[in-house]
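Okay, so here's the structure we're looking at.
Just so it is clear, none of the values below were taken in a lab; they were calculated from the coordinates. In this text the structure is predicted, and so the values were computed from the model without any measurement. Positions of Cβ are backbone-derived with ideal geometry, glycine not excepted, and every protein chain shown enters the neighbour counts.
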Amino acid sequence: MTRVSRRGTKVCTCRSITRKTIKEAIFNGAHTFPAVKEATRAGTGACGGKGCGPRIVKLLAELKEQGRI
């Protein structure tokens, strides 16, 4: 799995949710996939989170590992 790296990268393609939007939600307290989903609607599209869910979980893990959340 590749690192989700660019701000404008679409993390959730079903809902066109960008990495920037996901990170804003995370930095505003959404520290789990369900919380990010509720804050951004990522994971509520046609795939039901099967596409973006693993990317969001990976981003959360990266930020936790870096001590940013």
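Distance between the pseudo-spin-label points of residue 20 and residue 39 (7 Å out from Cα toward the beta carbon): 1.7 nm. Judged by the ratio a/c of the largest to the smallest principal axis of the C-alpha gyration tensor, the chain counts as prolate, that ratio being 1.5 or greater while a/b is larger than b/c. Taking every full run of DSSP H in the chain, the ones that stretch at least 18 Å from end to end by Cα along their long axis and average -1.0 or higher on the Kyte-Doolittle scale are 52-65.
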